[in-house]
Amino acid sequence: MKATPKRSQKLDKLRNHPFDLLVIGGGITGAGVALDAASRGLDVLLIERNDFASGTSSKSTKLIHGGLRYLKNLEIALVREVGQERAIVHEIAPHLVRPEKMLLPLIEGGSLGKMTTSMALWVYDFLADVEGDDKRVMLSKEETIEYEPLLRTDILKGGGFYAEYRTDDARLTIENVKTAEKHGATALNYVEATDFVYGDDGKITAVTCHDRFTGESISVKTSHVISSTGPWVDELRTVDKSMTDRHVFLSKGVHIVVSRDRLPLKHAVYFDVPDGRMFFAIPRLRCTYIGTTDTAYKGDPNAIPTYQEDVEYILHGTNLIFPGANLKIEDVESSWAGVRPLIYEEGKSGAEMSRKDEIFESESGLLSIAGGKLTGYRKMAERVVDRVGKQMEEDGKKLKQTTTKEIDLSGGPFKDFAAVLAYEKVIAEQLEAASLTADRAAYLVSNYGKQSPDIIKAATLRSEGTDVGRLAAAEAAWCIEHELALYPIDWVERRSGRLYFDMPSIEPILEEVLAVFAEAYNYTEADTQQERERVHKAMKWVSEFEPAPEGVVVPEVVEG
Ligand code: FAD
C-alpha cells in the first residue's frame, strides 16, 4: 500500500511546521474544535488515531435534540443550550441535520402523564425558542393512532408530537473536518498521539505522533494542545501525569437496525419500556433503527460488542409497543454499540449522570474536554477554544471570537429545508438522465448535499459495471479524494453509512469499491484480500450476536 501524494504532503508538514494548536481526537468534538479554532485564525492540526468519527461519534442515536429526558433531572441550563444549538446546527447544514417530528405515546403505567407531558413539552419548546408549526401539540388517543397505526392501542392514552432533528453523526463529523480544512486546518486520520514533549517551564512544546499508515513517529511542534478524545480522555491525562479524582465513566448504548418493511413507522417514536427507560424508534430511508440501552461498560472502548441480551432487550421493549411487528432477532440487519464518555458522579447510575461537558486544564497546558452531547459540539468547541484564547493572553496575544454560527458546513449552503427537498428532485433528475438509479437521490443529498453532482458526473465517466456499482465506485473515489477515506471500511461504515443503514447493498458493490481503493493506494492482491476480509468481519460484527460472557453487565428484560 502506498499513501496518496496529498497525504504524504500533509505528513511532510507535520515534520517541519510548528502549529498554534494540535487537536487530538477526530470525533465530533475534535472536528468542531478544529473548525472553531481554524476559523478564528489559528494554525491547527487535527489528528485521529483511527478514522474520523470511529469512536462514539458514529454510534449515537443520531439525533440533534434538546434531551427531553434531562428535564426530569432539572438540567435546565443543559436543555436550554442544546435545545438552542439544534436550530443552529440545522441552519448550517440543513441537508445533513433534518427536521424529525417525534411522537411520544402516553401509555397506562408509563412514566408520562398527560398533564406533566404537556407541561414538559411546553417548557422544552420554550427553552429552545421553538416557534410556529414546530411547537408541540398534544394528541387524543384516536389522533395518536392515526399518527402511528402500529402502536399498541389497549394501553394507549394519547400522545405528544414535538420537533427534533436527525443527522448522521459520522457525516456531521466529516463535514466539520472538511470545513475546518477549508479554513486552513490540517487534518489527518490514522495518526495517534502517543506522548508529550515538555519545555523547561513544564509546558507542552510538542506531541509525539505515530502514523499508523507508514509506521513513522514524528514529534510535532505546537504552542497549544486540546485532547478531545472522548472515552479515551483519561488515557492522555495519564500520559500527561495530570489525572485527578474527576474521571470519565463509560456507559454503553446499543442500537439495532431492521428493514423499514418490518417496522414501517410513519414517524419517529420515543416510547416507554417496562424498566423505566425510553427508546427511540427512528425511520430512515430503507430502515428503522431502535435504541438505546444504558449499561456500565468496563471493556475495550475500541471494540464494543452488541450481545444477544442487548438485542433481546431492545426487541422485547419494541414488540410491547408495536405488537403487530413481532420483531425477531433474525430481523436485525445491523447494529451499533458505543460508549458515552460521562463525567463520573459518585452514587449515580450511567442514566442519572449528567450529559454536561467538562474541561480539564493541566499544569502542562493540556486542555482536555469530555462529556457533552453530539448536539452541543459547536458550543463545546467554542468554550474550549476560548480557553486556548486565555492561555494566549499570557503571551500577550488575542484570539478572535467564534463565528461558527454563521459558517455553513461543506455540502451546503441551503437556504432552508425546503430548498434541500427541491434539490433532491434536481439530483433525481440528474441520476435519471445519467441512467443511474434515481432512488439514490435522497441518500446522496443527505450524505453529500451539493457535492452530489460531482459524484454523479464521475459515475457517468465509468463505462463498466452495474448502475449501482458505477455510482458506488464514483462515490468511493470521491471520498478518497475529498474525505480522507484511507481504507474501504472507512467508506462502507462512515462515509456512506451502508454498514448500518443499508447492509444488503454492500456485497453487490464491494468488488468495485475495493478496485477503486486498490488503484488509489496501489494495493497488492494480498492487500485487497485483507481489506475484503476487514469489511466482511465488520459486517459480521454488527449482525451476529453472541451471548455476553459471565460477569458482563447486560440490560435485563422486565416483563410488562
Ligand atoms: P469520540 O467520538 O469518541 O471521539 C474521540 C476520538 O478520539 C476517537 O475517534 C478516538 O479514536 C480518538 N482518539 C483517542 N485517543 C487518541 C489518541 N491518542 N490520538 C489520536 N486520536 C485519539 N448525543 C446527541 O446529541 N444526540 C444523540 O442522539 C446521542 N445519542 C447517543 C447514544 C449513544 C448510545 C451514545 C454512546 C452517545 C450518544 N450521544 C448523543 C452522545 C454523543 O454521541 C457524544 O457526546 C459524542 O459523540 C462524543 O464525541 P467525542 O468527539 O467527544 O468522542
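The values are calculated or read from the model by the stated rules, or taken from the named source; none is laboratory data. Note that the structure is a prediction, hence the values are computed from the model and not measured. Positions of Cβ are generated from backbone atoms using ideal geometry, with glycine treated the same way; all protein chains shown enter the neighbour counts.
Selection of the stretch 18-60 for residues being within 6 Å of the ligand (Cβ to nearest atom), in contact with a Gly (Cβ under 6 Å, 6 or more places away or on another chain) and among the β-branched types (Val, Ile, Thr) yields only THR56.
Can you tell me which residue among LEU510, LEU484 is outside any helix (DSSP H, G or I) and hydrophobic (A, V, I, L, M, F, W, C)?
Numbers: LEU510 fails: outside any helix (DSSP H, G or I).
When all the criteria are applied, what remains is LEU484.
Exactly one residue out of GLY376, GLY347, GLY372 is surrounded by 13 or more Cβ atoms within 10 Å (Cβ to Cβ), farther than 18 Å from ASP234 by Cα and of a type outside the set (Lys, Arg): that is GLY376.
Within the group LEU342, LEU409, LEU367, which residue is surrounded by 15 or more Cβ atoms within 10 Å (Cβ to Cβ), more than 30 Å from GLU464 (Cβ to Cβ) and modelled with pLDDT under 95? Write out each step before concluding.
Numbers: LEU409 fails: modelled with pLDDT under 95; LEU367 fails: modelled with pLDDT under 95.
Just one listed residue meets the conditions, LEU342.
Filtering the stretch 224-236 for residues that are out of contact with any helix residue (DSSP H, G or I) (no Cβ under 9 Å at 6 or more places or on another chain), aliphatic (A, V, I, L, M) and free of Cβ contacts under 8 Å to residues at least 24 places away in the same chain leaves an empty set. Listed conditions (1) touching a helix residue (DSSP H, G or I) at 6+ places or on another chain (Cβ under 6 Å); (2) closer than 28 Å to PHE19 by Cα; (3) of a type outside the set (D, E, K, R) are all met by LEU327, apart from (2). Looking at the stretch 219-234, is at least one residue within 12 Å of the ligand (Cβ to nearest atom), closer than 24 Å to PHE501 by Cα and part of a strand (DSSP E or B)? Within the stretch 219-234, not a single residue is within 12 Å of the ligand (Cβ to nearest atom), closer than 24 Å to PHE501 by Cα and part of a strand (DSSP E or B).
Quick one: which helices (runs of 4 or more DSSP H) sit completely within the stretch 97-210 and have at least 1 residues that are buried (at least 21 other Cβ atoms within 10 Å of the Cβ), at pLDDT below 95 and in contact with a Ser or Thr (Cβ under 6 Å, 6 or more places away or on another chain)?
Working: elements: 114-127, 141-147, 169-182.
So the answer is none; nothing clears 1.
The C-beta contact set for the stretch 325-337 (first residue of a type in the set (Ser, Thr, Tyr) and at pLDDT 95 or above, second residue crowded, with 16+ Cβ neighbours inside 10 Å and not in a helix (DSSP H, G or I), distance under 6 angstrom, 6+ apart or interchain) comprises SER334/VAL257; SER335/ILE256; SER335/THR306. The set of residues in the stretch 275-286 being over 20 Å from TYR162 (Cα atoms) and either within 15 Å of the ligand (Cβ to nearest atom) or not basic (Lys, Arg) (or both) consists of ASP275, GLY276, LEU285.
Filtering the stretch 449-504 to residues that are of a type outside the set (A, V, I, L, M, F, W, C), more than 24 Å from the chain's Cα centre (by Cα) and more than 19 Å from GLY411 (Cβ to Cβ) leaves THR460, ARG462, SER463, GLU464, GLY465, THR466, ASP467, GLY469, ARG470.
Considered as a group, the residues in the stretch 287-296 that are in contact (Cβ under 8 Å) with a residue 60 or more places away in the chain and out of contact with any Pro (no Cβ under 9 Å at 6 or more places or on another chain) include one that is nearest to the ligand (Cβ to nearest atom), and that residue is THR292. Evaluation of GLU464 against the conditions (1) at pLDDT 95 or above; (2) surrounded by fewer than 22 Cβ atoms within 10 Å (Cβ to Cβ) shows that the sole unmet condition is (1).
Restricted to the stretch 257-268, and to residues there that are more than 12 Å from the ligand (Cβ to nearest atom) and not in a loop (DSSP other than H, G, I, E, B), the residue that is farthest from ALA303 (Cα to Cα) is SER259. Applying the set (1) away from the ligand (no atom under 15 Å from the Cβ); (2) modelled with pLDDT of 95 or more; (3) surrounded by 21 or more Cβ atoms within 10 Å (Cβ to Cβ) to ASP272 leaves exactly one unmet item: (2).
Of the set (1) surrounded by fewer than 19 Cβ atoms within 10 Å (Cβ to Cβ); (2) in contact with an Asp or Glu (Cβ under 9 Å, 6 or more places away or on another chain); (3) among the polar types (S, T, N, Q), all apply to SER8 but (2).
For VAL97, only one of the following conditions fails: (1) within 17 Å of GLU175 (Cβ to Cβ); (2) more than 13 Å from the ligand (Cβ to nearest atom); (3) under 21 Å from the mean Cα position of the chain (by Cα). What is its number? Here VAL97 clears every test but (2).
Looking at VAL535, VAL553, which one is touching an Asp or Glu at 6+ places or on another chain (Cβ under 9 Å) and among the hydrophobic types (A, V, I, L, M, F, W, C)? If you could, list the steps in order and put the result at the bottom.
Values: VAL553 fails: touching an Asp or Glu at 6+ places or on another chain (Cβ under 9 Å).
Criteria check complete, one pass: VAL535.
Look at the stretch 318-331 and say how many of its residues are surrounded by 15 or more Cβ atoms within 10 Å (Cβ to Cβ) and under 17 Å from PRO283 (Cα atoms).
Our first condition is that a residue be surrounded by 15 or more Cβ atoms within 10 Å (Cβ to Cβ); within the stretch 318-331, this holds for 318-322, 325, 327, 331.
After this cut, where a residue has to be under 17 Å from PRO283 (Cα atoms) as well, the list is 318-319, 321-322, 325, 327, 331.
Result for the stretch 318-331: 7.
The residues of the stretch 513-535 that are of a type in the set (Val, Ile, Thr) and not in a loop (DSSP other than H, G, I, E, B), listed by number, are VAL513, VAL516, THR528, VAL535.
Every residue, every condition in (1) farther than 30 Å from ASP294 by Cβ; (2) hydroxyl-bearing (Ser, Thr, Tyr), yes or no:
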site	(1), (2)
GLU346	no, no
GLY350	no, no
SER354	no, yes
SER364	yes, yes
ASP386	yes, no
GLY389	yes, no
ILE407	yes, no
ALA428	yes, no
ASP439	yes, no
